[in-house]
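Down below is the structure, laid out as structure tokens.
The values are calculated or read from the model by the stated rules, or taken from the named source; none is laboratory data. Note that the structure is predicted; figures quoted are calculated from it, not measured. Please note: Cβ atoms are built from the backbone with ideal geometry, for glycine as well, and neighbour counts cover all protein chains shown. Calculation scope for accessible area: heavy atoms of the full protein, side chains included, ligands and nucleic acids excluded. Shrake-Rupley method; radii C 1.70, N 1.55, O 1.52, S 1.80 Å.
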Amino acid sequence: FLYILETFGDINLTLGMLNIEDNISKEDIYSHLTSIIQNSDILDDAIVQRLIYYASKDMRDNNILRETRMLAGEVLVSLAAHDFNSVMYEVQSNFRILELPDEFIVLALAELATSYVSQSIPFMMMTLLTMQTMLRLAEDEGMKAVFCTALEKFSKAIYKYVNHWRDFPYPRLDANRLSDKIFMLFRYIMEKWAPITSPMQTLAIVKAHGPTVSLLLHREDLCDYALDQVPWLLNQYKDKEIDFHVTQSLKQILTAVVLYDTALPKGLRKTIFINLLHQVCRVPEPPVKENEIEASSCFLILAHSNPADLMEFFDEQMRNNNETTRMGILNLLRSAINAEEPKLRDHITSIERTAKVVMGDLNIKVRNSTLLLIQTMCEKCFIEAREGWPLIDYIFSQFAMSNKNLEKPMKPNSQEIEKGEKSVREISLEVLKTLDPLVIGMPQVLWPRILTFVVPAEYTGTLDYLFNIIRSLIMAEERKKNDAKESTALVISTGAVKLPSPQQLLARLLVISMLASLGKLCGAGAIGLLKILPEIIHPKLVDLWKTRFPELLQPLEGTREWNQLLKESLWKISDIAWTIQLSRDFKEQMGSYSDTSLEKKFLWKALGTTLASCQDINFVSSQIKEFLIAPNQLGDQRQGITSILGYCAESHLDTVLKVLKTFQDREKFFVNRCKGIFSGKKSLTKTDVMVIYGAVALHAPKGQLLTRLDQDIVSQVLFLYGQCSQVLGMSVMRKDMDLQMSFTRAITEIGIAVHDAEDQGFKFSYKEVLLGYMLDFIRDEPLDSLASPVRWKALIAIRYLSKLKPQLSLNDHLNILEENIRRLLPLPPVEKLKDEGETDKDKEHINFLYERSMDALGRLLRTMMWDNAKAEDCQEMFNLLRMWLVSQKDWERERAFQITAKVLTNDIEAPENFKIGSLLGLLAPHSCDTLPTIRQAAASSIIGLFCIKGTHPEVERLQSLKEGLRCDDVQIQIKISSKIAKIVSKLIPVEEILMFLEETLDGLESLNHTCIQACGTWMIAVLKEQGAENGDLLFDLILSMVYHHMPVLRQKEESFQFMLEAVSQIASFHMDAVVANLLQKPLPFDRDTKTLWKALAENIASSGKLLRALTDKLENELEDDLAGTEAISVACAMYEVVSTGTPITSLYPEVFTLLLKLVSCTLGQKMPTSSWSHRRRVMQQGERQQTADPCRLSTVTLKCVQTQAMKEGLARESDEGDNLWTLLSSPSAHHVGVCALARSMAVWQRGIILDIMEQLFSSLTSSSENYRITGTAFFSELVKEPVLWKHGNLREVLVLMDQSAWDSNATLRQMAIRGLGNTASGAPHKVKKHKQIILESIIRGLYHLARTEVVCESLKALKKILELLTDRDVSFYFKEIVLQTRTFFEDEQDDVRLTAIFLFENLASLTGRRWKIFFAEEIKKSMISFLLHLWDPNPKVGAACRDVLVICIPFLGLQELYGVLDHLLDGQDLPRARDFYRQFCVKLAKKNQEILWILHTHSFTFFSSSWETIRSAAVKLTDAVVLNLTNQYVQLLDKEQLTTRLQALRQDPCVSVQRAAEAALQTLLRRCKELSVLL
């Protein structure tokens, strides 16, 4: 429905466009409308009416283009399918009586009559009547042509109605009335218009003529008139443009004649024949194809209606000897036969006779047409037995004639003739190919005369189809025999035909059978015939051939089996005369084939076999003599006579040798050669006779050969060779190549014969002599060319001679092989060798010789090698190829590998203990060589090696992979090679792995890039497959071997990487063995050893196992807390491993503690290094052997581990930076470094720290003092961490530290005390709990005056501990602590001074009531130190002194001094010492003169201080004190001592001290003056 709506919408739119005149192409609109109308089943009536209106109007509009009017007419006619009456009404309304209509109205009526016959017939009478009134009005030629067209269409419509009125849906109308009107119209046109017409009008009349006359013929009263008009039509055959339409109209008339059974007058009939034949056989212009086809159709109609007359006409015309006419008639006959006109079968004999008329015609086209006619006659069974055979004979004769003509030398510009003859030959074969011998009548025509074409050589090209025909006939007869008692199909007399004899048939069919091996159909056909013809050949052969033929048909190749069949058949027949005749027939066929053909070669063999089967010795002897005297009758005399005598010797050895010796003795070779030159007939030479002897030996019965070999054969060959090698009794240095080849051939065949005799006791006395001849031949060949086959043939001879007894020694074998290899492998590339050839044929010959020579060398090596029972000898012989397999020249490698593949493949039986490992390592890398031939040969050799060992890997898959090596993509080659390696590597015998790897390592050193890749791939694959199953000892050897190769391999980056990967692969299975082996290397490790460790570490699969193994090894070495060389080696190895980035998280606690232990145990040690190993080593420029420092090496490793730990978040950067490692390795600062190291531990990694603590706990009780120090120092830092006290076992650590605090080793005491002090941070509760023990241990450290480090550590520890305790907790130790602390205020060590001041400050808070007075007194004694050290060289000490003064002043009741001290605490620069002291003393003098006096009394000590600032401060303080002392105290001054001291300080090196002393002295003098005291 939607489609209908769319269609109506489309039409309405289009109709709307028809109203627009401008810029609209009505031609496109009407084309579109035509498509819509024709594709629409339903149209709205209103739309149809509108379309009729517009189409009619435009069709009649003279102002519109003619093309548009035509399209409008098409639309109008198309609309009749929807509303015929409306369309007819519209047209008829414009077709009025006595008015000349528009031409398109007439054409529309004509189209309606044609397209809608059934609807138009009722309107036809009215239309014709109206048209009749218009003809007289037509004057324009175009209008007349339109009326003729209308007459044509109307006649066709009425003709259809007349013949099919029953098919019309309304009652029968009176057709005669309609034909009357047509007659009247036609008569008017023929009388008025036809005589005077233009070509256009004539064409229109011709088109109307046929339909109109055809219609009139159904009326008897109008028939004569109609036929009288035919001559006019025939007379119009003038113009090629009209001829087709004339023929078309004539065809319509002839069709009507047949339909209405109208008799054509004889004269008219003859005229029609002639005119139609002229249309088919036009001369000189070829007929138009369409016209020719129509004319041929007319002849077919005539063949149906008048066959006899037509055949008579054809026969008459054929005798005119006109090429075109003959070809035309032959083609017409062929068409008529193809149409299978029944009436024509009554005239088969006439057709055969007509064909025979032209059989003598030599015209190529006529011959082709005749052959095609015969083909059609055979296909359609138009051949009779009496007349048919000449037609069949014609086919074969034409084939033979065309072949003969083509063999003749062609004249220039004879390409057309050659092409024609080839076409005759091809058509002849095509006729035979399509010939069905079993169609009706054909068997009687063919059998048995068809056999006459089997033997003659000229029919050889037809044998493919000839054999099929014969086989079909015979098999059909066999079937009939099975179905009926008697057959008559093939019992027809041959007449004058001479059939071939059984011997001729057998000889011919046997020879042709050989072609089956070449894939030729005629060969298979001959075999098929032989299979079904035994009864015809000889009745005795039926049973034999029935059993033998199925066996022979299996291979379909070779001649030995057919010779055997021939021999058995002749034995079965056992008829001497029959055999003699067969031999003569074989000899007669010699001239039918070329000397190089397979047929000729078989003929020689068959003739020899036939003579061997003949029991008539005299006949055989005479034949042999005849052939020796006149060998030219055999074609190639040498090949022919050699083959015949050889096969004849199989049964007549004595006869052959006797005749041959007689011929040799009597014949004068030189004279005969001269005669041959003059007569043109060649005779046998000594060289030929030499070859004959070889063939005789080869075919001789084995039981008779050996007894006659030396005397009657070999000696004769050597004698003949010696004679041929001399000219006038002088030896010729440069031998004739033919002589060499013939001699070599004879020797080869003799060697084969002796070997085949299989007599183990026979020793060939001439073996050594003949081998010498062959080697001389090879030595004489040039090394820069390959122009002769001497090398090839000599190699074959050597191979067979080498098999004979007596056996050659190994040296003889090696010498022979080496000589041959040296004479072949160094030849230039084959392309260069081929360049010596001048023609393409020469180049092909050189290539042929090259391939055969290489094949022969491979076979020789194969024979000599595998015939040997000793594996060592086989290896020695194979080693001859080694240098060539790795040659730098591609072509030499290619040859060596091709020979290797030949030696190692194809079912070899090698000695039982033959080793393949080394060979596999040598061959495998070349599976990725530069040339595809090398790659494939290497793969074949690899497969062969394993087959030799009796292990047959996946051969089919390997062969498939081998084919993939043709690809030039290196990556694909590597993948394929890797796949092969994976398949076969598991099959390598364990004991041969070492040899394989040694070979591959050598390959890594010397091979090219791609071979190195393959080499490495194979090595890794083998180690993967075999690594797990082999013991540590084997891999120790492998590692030693690898280490030996490393210095050289390092120079080749790719090879080196493969070697490293191999070591990693070994380690994945035998990590402990690899580790142990590498640890044996001397220290410090050389570059190669380091590289190996790194390579193992970089292997992700084994890096974890490697580190584990090293850790275990180091743990074992340090078990007694002593470090030997082995432990250092492990550390160095760890360094190389960890430095590659190997993850250490899982082993970090163990590794860290062990390395720390190693560092501790090696402190201060010096170990002698092992001497350098005696091995190949490539030293870098400037590289020297280093002296080993065990502690340094250990520290470097620990540093590397810590760096990796930081990367993994297991540790943090040390506060000492890189100085940490210097400290660690220094015996004096080791403990400092350990503490710094401990501080860098990542405490948040609780599990790791706890593991480390557990591992290190034993260090606290180690027998090694250094290790105890290390452990104590480490734990001294860890005890600061509360989290570790919570989860770790630090209580026992605390106990052990307390014990160590009393140790005699100062450093150990220091670290223990530090740990006790740091416990305050990590476990304050523990401090409080064990305060007495801890305080006693720490206070004891204050008495270790020899080591300030211990004192300082004790002071620091006390400071930390006291911060946690109350005055009651420390009351017992308070006085001792204060007194000991005061002793360190003036210590030279800044840290000691500072810590002591800090501690004193802390003690102030722990004074309590009990010790307050005591502490105040101690403050008074200490104040001088605090005041003077305000200007301490260390600013930190000065700051501490300020703080302690602030804390201690209240104890003295001197709070007034805070104001002065505020200047020290305001953050600004320190005031001048003089000013500060004067202000301080002023305040102090007012409050407590006693303290001022104490300051004075204690100041003298500081006048000799080592610090300038303290001396200066002391003088300035003295100045301030003297200035502020009361007169009472001034009088108490020891003025003399003070003056002396100040006078001395005036000479102080420091200017500041000098000035201060001068000022103080002046102050003293001034005070003394004030008191009137004389100095």
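When Ile976, Ile988, Ile980 are screened for being of a type in the set (A, V, I, L, M, F, W, C), buried (at least 17 other Cβ atoms within 10 Å of the Cβ) and modelled with pLDDT under 85, only Ile988 passes. Cβ-Cβ distances below 7 Å connect the following pairs, each with a first residue in region 888-899 that is modelled with pLDDT under 90, a second residue that is open to solvent by 40 Å² or more (accessible area, probe 1.4 Å) and part of a helix (DSSP H, G or I), and a separation of six or more residues or different chains: Glu894/Thr933; Gln898/Thr933. Taking the listed residues Glu1388, Glu1363, Glu1417, the one that is within 26 Å of Val1279 (Cα to Cα), open to solvent by 70 Å² or more (accessible area, probe 1.4 Å) and at pLDDT below 85 is Glu1363, with no other qualifying. Residues in region 414-460 that are open to solvent by less than 50 Å² (accessible area, probe 1.4 Å), farther than 21 Å from Ile383 by Cβ and not β-branched (Val, Ile, Thr): Ser414, Gly420, Glu421, Ser423, Pro456, Ala457.
Residues considered: Asp929, Asp907. Of these, the only one that is out of contact with any Pro (no Cβ under 8 Å at 6 or more places or on another chain) and surrounded by 24 or more Cβ atoms within 10 Å (Cβ to Cβ) is Asp929.
Could you say whether any residue in region 800-818 is polar (S, T, N, Q) and assigned to a loop (DSSP other than H, G, I, E, B)? Scanning region 800-818, I find at least one residue that is polar (S, T, N, Q) and assigned to a loop (DSSP other than H, G, I, E, B), so the answer is yes. Residues that are open to solvent by less than 70 Å² (accessible area, probe 1.4 Å) and acidic (Asp, Glu): does region 1549-1569 have at least one? Taking every residue of region 1549-1569 in turn, at least one turns out to be open to solvent by less than 70 Å² (accessible area, probe 1.4 Å) and acidic (Asp, Glu). When residues in region 399-413 are screened for being at pLDDT 80 or above, open to solvent by 50 Å² or more (accessible area, probe 1.4 Å) and either among the polar types (S, T, N, Q) or more than 15 Å from Thr370 (Cβ to Cβ) (or both), 1 of them pass. Of the residues screened, Ile1038 is one that is crowded, with 18+ Cβ neighbours inside 10 Å and at pLDDT below 75. The set of residues from region 415-474 being under 13 Å from Cys522 (Cα atoms), in contact with a Gly (Cβ under 9 Å, 6 or more places away or on another chain) and not hydrophobic (A, V, I, L, M, F, W, C) comprises Asp464, Tyr465, Asn468, Arg471.
Quick check: is even one residue across region 99-106 open to solvent by less than 20 Å² (accessible area, probe 1.4 Å) and not β-branched (Val, Ile, Thr)? The answer is yes, given that some residue of region 99-106 is open to solvent by less than 20 Å² (accessible area, probe 1.4 Å) and not β-branched (Val, Ile, Thr).
Could you grab me the full set of residues in region 1510-1536 that are closer than 24 Å to Gln1489 by Cβ, open to solvent by 20 Å² or more (accessible area, probe 1.4 Å) and modelled with pLDDT of 85 or more? Of everything in region 1510-1536, just one residue is closer than 24 Å to Gln1489 by Cβ, open to solvent by 20 Å² or more (accessible area, probe 1.4 Å) and modelled with pLDDT of 85 or more, namely Lys1516. Inspection of region 586-597 finds a residue satisfying the criterion of being touching a residue at least 60 places away in the same chain (Cβ under 8 Å) and either more than 22 Å from Ala457 (Cα to Cα) or open to solvent by less than 10 Å² (accessible area, probe 1.4 Å) (or both). Restricting region 609-618 to residues that are more than 23 Å from Pro500 (Cβ to Cβ) and either in a helix (DSSP H, G or I) or hydroxyl-bearing (Ser, Thr, Tyr) (or both), which is most open to solvent (accessible area, probe 1.4 Å)? Among them, the one singled out is Asn618.
Which residues, taken from region 639-652, are in a helix (DSSP H, G or I) and crowded, with 21+ Cβ neighbours inside 10 Å? Of everything in region 639-652, those that are in a helix (DSSP H, G or I) and crowded, with 21+ Cβ neighbours inside 10 Å turn out to be Gly640, Ile641, Thr642, Ser643, Ile644, Leu645, Gly646, Tyr647, Cys648.
For Phe1257, all conditions in the list (1) buried (at least 21 other Cβ atoms within 10 Å of the Cβ); (2) touching a residue at least 24 places away in the same chain (Cβ under 8 Å) hold save one; what is the number of the exception? Result: Phe1257 passes all but (1). Hey, can you tell me all the residues within region 688-711 that are in a loop (DSSP other than H, G, I, E, B) and crowded, with 22+ Cβ neighbours inside 10 Å? Scanning region 688-711 gives a single hit, Ala700. If the condition is being out of contact with any Leu (no Cβ under 8 Å at 6 or more places or on another chain), at pLDDT 80 or above and surrounded by 17 or more Cβ atoms within 10 Å (Cβ to Cβ), then region 181-202 contributes Met190, Trp193, Thr202.
I'd like to check something: does region 604-616 contain any residue that is in contact with a His (Cβ under 8 Å, 6 or more places away or on another chain), within 14 Å of Thr655 (Cα to Cα) and without any contact (Cβ under 8 Å) to a residue 40 or more places away in the chain? Scanning region 604-616, I find no residue that is in contact with a His (Cβ under 8 Å, 6 or more places away or on another chain), within 14 Å of Thr655 (Cα to Cα) and without any contact (Cβ under 8 Å) to a residue 40 or more places away in the chain, so the answer is no.
Residue count for region 148-177, restricted to those that are of a type in the set (D, E, K, R), open to solvent by 80 Å² or more (accessible area, probe 1.4 Å) and part of a helix (DSSP H, G or I): 5. Of the residues Glu1150, Glu1119, only one is assigned to a helix (DSSP H, G or I), open to solvent by 10 Å² or more (accessible area, probe 1.4 Å) and among the acidic types (Asp, Glu); which? On inspection, the qualifying residue turns out to be Glu1150. The set of residues in region 224-278 that are of a type outside the set (Ser, Thr, Tyr), open to solvent by 20 Å² or more (accessible area, probe 1.4 Å), under 21 Å from Ser179 (Cα atoms) and part of a helix (DSSP H, G or I) comprises Asp224, Asp228, Trp232, Lys251, Gln252, Val258, Leu259.
Checking each residue in region 1518-1575 for being part of a loop (DSSP other than H, G, I, E, B), in contact with a Ser or Thr (Cβ under 8 Å, 6 or more places away or on another chain) and either under 20 Å from Ala1473 (Cα atoms) or not hydrophobic (A, V, I, L, M, F, W, C) (or both) picks out only Cys1550.
From the set of residues in region 1070-1083 that are open to solvent by 10 Å² or more (accessible area, probe 1.4 Å) and touching a Lys or Arg at 6+ places or on another chain (Cβ under 9 Å), which is nearest to Gly1124 (Cα to Cα)? Looking at the filtered set, the residue picked out is Leu1079. Per the conditions (1) within 27 Å of Leu1155 (Cβ to Cβ); (2) outside any loop (DSSP other than H, G, I, E, B), the sole criterion not satisfied by Ile1339 is (1). In region 800-817, the residues that are closer than 15 Å to Val769 by Cα form Cβ pairs under 6 Å with partners that are among the charged types (D, E, K, R) and open to solvent by 60 Å² or more (accessible area, probe 1.4 Å), at six or more places apart or across chains, as follows: Lys805/Lys763; Pro806/Lys763. Within the option set Glu416, Glu478, Glu486, being at pLDDT below 80, outside any helix (DSSP H, G or I) and acidic (Asp, Glu) holds for one residue only, Glu486.
If you go through region 25-72 and pick out every residue that is part of a helix (DSSP H, G or I) and of a type in the set (Asp, Glu), you end up with 5. In the set (1) surrounded by 16 or more Cβ atoms within 10 Å (Cβ to Cβ); (2) small (Gly, Ala, Ser); (3) over 20 Å from Arg895 (Cβ atoms); (4) touching a residue at least 24 places away in the same chain (Cβ under 8 Å), the condition left unmet by Ser725 is number (4).
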